[in-house]
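Notes follow once the structure below has been shown.
The values are calculated or read from the model by the stated rules, or taken from the named source; none is laboratory data. From a predicted model like this one, the values you see are computed outputs, not experimental measurements. All Cβ positions, even for glycine, are placed from backbone atoms using ideal geometry, and neighbour counts span all protein chains on display.
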Amino acid sequence: MKILRVLFVLAMFSHQINAQAIWDLKRCISYAMENNLQIKQAGIAALSSNYTYQTAKYNTLPSLNADASHAYNFGRGIDPTTNIYVSNRQIQSNSFNLSSSATLFNGGQKQYQRQVASLEWQASLQDLKKAQNDVSMNIAIAYLNVLYTKEQADIAARQLELTGQQKSRTARLVEVGNVSELSLLDVDAQYANEETNLVGAQNSYTLAKLKLIQLLQLPMNMDIQVDTMHFNLDAVKIPSADPTEVFEFARKTQPYIISQQIRLLEARKQTYVRRAAFYPSLNVFGSIRTSYSSIMMDYTKDPFHPTKISFNDQINQNYGKAIGVSLSVPIFNGMQTHYSFQKARLGELNASYNLQSAELSLQQEITQAIANWKAALAKFESTEKYARSMSAAYEANTKKFNAGIINTLEFNTAKNNLAKSQSDLVSSKYDLMLKTKIVDFYLGRPLY
C-alpha cells in the first residue's frame, strides 16, 4: 500500500508539472534570466570586476601589518637582543613588530587606478545587460518560430482534412457515375501529397520546439507547450519609425554602446595611471617593535652572578619605535615608463575607434531594421488582402465543384491557392511580429 501511495503521489506531481508546462514568452525570458549559463558567467565577470574595484579602492588607505616570530637556536649562534655570539647554548627568542605605511604622493596613480577599476566594473555590468538582451532576443526569435511552425502545421492539417472531405465526396460521385475514377485517383494523389506536407510541417514544429528548449537550456527529454500570442495589427505599427530618432535613443540606452563609452573613459584614465609613473613617490612609514631572548641576563646588580631577565621585563626594555619618510624619484628604467605611457595612449585611441565602430554598426542595424519593418508591414497588408480573396474564391469554387460545374483539377487548384495564401499570410504575420520586436528592442521596449 505504501508503494501504491508513493506512485500515486508521483503521478499527481507529474501531472501537475505537465499541466504547468505552458510557456509564454515572458516565462521563457524570465526563466533564461535566472538560469542561462552565459548570463551567469557574465554575472560572475561583473562580480569579479567589483572585487577588483573594491581592492583598488582600499589600496588608497594606509597599510598596517603585525609580525611575530618564535625561534630556537642550538649550538653557536647570535643572541638577538645583544648581537653577541654565544656557543653551545640553546637560545629561545621572540620578536614582535607592528608597522604601517602610507603614500603621501605618487602622481595620483592609486586614485586613477581606483577610477579605472570602477569604470571596468560599470562596463562589465553593461556587458551583463548585453548578454541578457542577446539571450532575450534569441529566445523571442525561437519562440515566434515555434508559433509560426505550429500554425503552418495547423494549416497543413486543415488542408489534409479538406482533401479528405473532397475524397469522400468524389468517391460518392464515382459511385453514382457523375465523375470518372480518374478524378478519384487525382484526389488520392493530392491526399498523399498533403500527408507528406503535414509530416514535414509537424517535424518543423518539433525541431522549432527543440531549438527553444535548447536555448532555455532545459532537459532535452522535457516537452513544453508554447502559449499563443494575440496578433493585433495596431500593436505592430510603430508611431515613430524615424531612423535618426531611434538611433539617438538607442545610442543612450543600448548596453553595448554604453560599455564602449565607459571603456573609452577607462582607457583615458589608464593613460593617467601610466603618466603618473613619471612623478616622484613620497611615502611615510612607522613601526613599533620589541623582542625576547632566553639567554639575556641582568649584570647590573652582581656582575659575577647575573640574573635572568623575565619575559615581561625584556618586552618593556627592548621596546622601540621608528618613523620616517621615503622619496623615490624615477630617473631611468630602460624607457619602460615612457613606452607604457605611449601604449596607453594607443589604447585610448583604439577605444575611441571601437566606440565609433559600434555606433556606426548600430546606426546601420537600426536603418536596416526599420526598412525591414516597413517592408514586412507592406507585405503583410498585401498578403492579407490576397488571402481574403483566395478564401472567397475557394468558397465559390467549392459550390461550383459540388454542383459539378468545375472538375477536380480546377477545384484542387483553388484549394492549393488558398493553402498557399494562408501559409504566406502566416509567414508574413510572424515576419512582421519579429521585425517589430527588433525595432522595439532598439527603442527599449519589452519583448513580451
I'm trying to understand the selection: among the residues of segment 392-433, which are over 30 Å from V174 (Cα atoms) and surrounded by fewer than 18 Cβ atoms within 10 Å (Cβ to Cβ)?
S427
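I'm trying to understand the selection: among the residues of segment 434-448, which are part of a loop (DSSP other than H, G, I, E, B) and either hydrophobic (A, V, I, L, M, F, W, C) or buried (at least 20 other Cβ atoms within 10 Å of the Cβ) (or both)?
Result: L443, L447.
When only residues in segment 219-232 that are touching a Phe, Trp or Tyr at 6+ places or on another chain (Cβ under 8 Å) and not acidic (D, E) count, which is surrounded by the fewest Cβ atoms within 10 Å (Cβ to Cβ)?
Q225
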What pairs can you find where one residue is in segment 289-312 and touching a residue at least 12 places away in the same chain (Cβ under 8 Å) and closer than 27 Å to I323 by Cα, the other is surrounded by 12 or more Cβ atoms within 10 Å (Cβ to Cβ) and among the acidic types (D, E), and their Cβ atoms are less than 6 Å apart, with a gap of 6+ or different chains?
S293/D79
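Considering A414, A403, A419, which residue is without any contact (Cβ under 8 Å) to a residue 40 or more places away in the chain and within 50 Å of the chain's Cα centre (by Cα)? Working first, answer last.
Working: A403 fails: within 50 Å of the chain's Cα centre (by Cα); A419 fails: without any contact (Cβ under 8 Å) to a residue 40 or more places away in the chain.
Of A414, A403, A419, the one residue that is without any contact (Cβ under 8 Å) to a residue 40 or more places away in the chain and within 50 Å of the chain's Cα centre (by Cα) is A414.
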Which ones in segment 243-260 are touching a residue at least 60 places away in the same chain (Cβ under 8 Å) and out of contact with any helix residue (DSSP H, G or I) (no Cβ under 6 Å at 6 or more places or on another chain)?
F249, T253, Q254
Residues (farther than 30 Å from T290 by Cβ, in contact with a Leu (Cβ under 8 Å, 6 or more places away or on another chain) and either exposed (fewer than 13 other Cβ atoms within 10 Å of the Cβ) or of a type outside the set (D, E, K, R) (or both)) located in segment 306-362:
A351, S352, N354, L355
Checking Y112 against (1) out of contact with any Lys or Arg (no Cβ under 9 Å at 6 or more places or on another chain); (2) not in a loop (DSSP other than H, G, I, E, B), which single condition isn't satisfied?
(1)
Looking at the structure I just gave you, is V174 among the β-branched types (V, I, T) and either surrounded by 15 or more Cβ atoms within 10 Å (Cβ to Cβ) or under 33 Å from the mean Cα position of the chain (by Cα) (or both)?
yes
Meets criteria (more than 24 Å from G324 (Cα to Cα), touching a strand residue (DSSP E or B) at 6+ places or on another chain (Cβ under 9 Å), at pLDDT 75 or above and of a type outside the set (K, R)) for F74
yes
In segment 187-197, is there at least one residue being over 26 Å from L360 (Cβ atoms), surrounded by 15 or more Cβ atoms within 10 Å (Cβ to Cβ) and in contact with a strand residue (DSSP E or B) (Cβ under 9 Å, 6 or more places away or on another chain)?
no
In segment 363-378, what count of residues is obtained for those that are of a type outside the set (S, T, Y) and surrounded by fewer than 18 Cβ atoms within 10 Å (Cβ to Cβ)?
9
Of (1) out of contact with any helix residue (DSSP H, G or I) (no Cβ under 7 Å at 6 or more places or on another chain); (2) basic (K, R); (3) over 29 Å from N65 (Cβ atoms), R275 satisfies all except one. Which?
(1)
The correct count of residues that are more than 31 Å from the chain's Cα centre (by Cα) and crowded, with 20+ Cβ neighbours inside 10 Å in segment 93-135 is 1
If we ask which residues in segment 318-346 are within 25 Å of S101 (Cα to Cα) and part of a helix (DSSP H, G or I), their number turns out to be 1
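Hey, any hits in segment 260-278 for a residue that's among the β-branched types (V, I, T), closer than 27 Å to S99 by Cα and either touching a Pro at 6+ places or on another chain (Cβ under 8 Å) or not in a loop (DSSP other than H, G, I, E, B) (or both)? First the steps, then the outcome.
Start the filter on segment 260-278 by keeping residues that are among the β-branched types (V, I, T), which leaves 262, 271, 273.
In the following step, the residues that additionally are closer than 27 Å to S99 by Cα were identified as none.
Within segment 260-278, none of the residues are among the β-branched types (V, I, T), closer than 27 Å to S99 by Cα and either touching a Pro at 6+ places or on another chain (Cβ under 8 Å) or not in a loop (DSSP other than H, G, I, E, B) (or both).
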Need the failing condition index for N138 against (1) within 30 Å of Y448 (Cα to Cα); (2) modelled with pLDDT under 95; (3) surrounded by fewer than 21 Cβ atoms within 10 Å (Cβ to Cβ); (4) not aromatic (F, W, Y), just the number.
(2)
